[in-house]
Amino acid sequence: MTTGGLVDVGIRELRDGLSRHLAEVRDGRTITVTDHGKPIARIVPVERLTALERLVAEGRVRRPKRRKRPAPIPTPTDGTVSDLVAEQRR
């Protein structure tokens, strides 16, 4: 399905006509990949900035100076959360 510069393509159709669809992207079109009619991904021309890249270029946001720390390793416990809260209140 085509809407202006946007093209909706199912996974199988994308796989079967990958070269043709990539040529469309090269020509400036955006392809939305669908799975059973639901959008799951977009293929956009490299020259087109993402929303984040555009905001950074406009100076409206900054990229983080350092990476987020990973979540701590969960502590194994016995019992439910309610039991643990009740124990903390004692």
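The values are calculated or read from the model by the stated rules, or taken from the named source; none is laboratory data. Source: prediction; values computed, not measured. Methodologically, a virtual Cβ is constructed for each residue, glycine included, from the backbone with ideal geometry; neighbour enumeration extends over all protein chains shown.
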Query raised in the report: If the Cβ limit is 9 Å and pairs must be 6+ apart or interchain, which residue in the range 15-28 that is closer than 16 Å to ALA41 by Cα pairs with which residue that is in a loop (DSSP other than H, G, I, E, B)?
Result: HIS21/ARG29; VAL25/VAL44; VAL25/PRO45; VAL25/VAL46
Query raised in the report: What about VAL46, is it among the β-branched types (Val, Ile, Thr), surrounded by 11 or more Cβ atoms within 10 Å (Cβ to Cβ) and under 20 Å from the mean Cα position of the chain (by Cα)?
Result: no
Query raised in the report: Between a first residue in the range 41-67 that is over 25 Å from GLY28 (Cβ atoms) and a second residue that is surrounded by 10 or more Cβ atoms within 10 Å (Cβ to Cβ), which pairs have beta carbons less than 8 Å apart while being 6 or more apart in sequence or on different chains?
Result: VAL61/LEU52; VAL61/LEU55; ARG62/VAL56; ARG63/VAL56
**Report entry** Only listed residue being modelled with pLDDT under 90 and out of contact with any Ser or Thr (no Cβ under 8 Å at 6 or more places or on another chain), chosen from ARG54, ARG67, ARG48, ARG60
**Finding:** ARG67
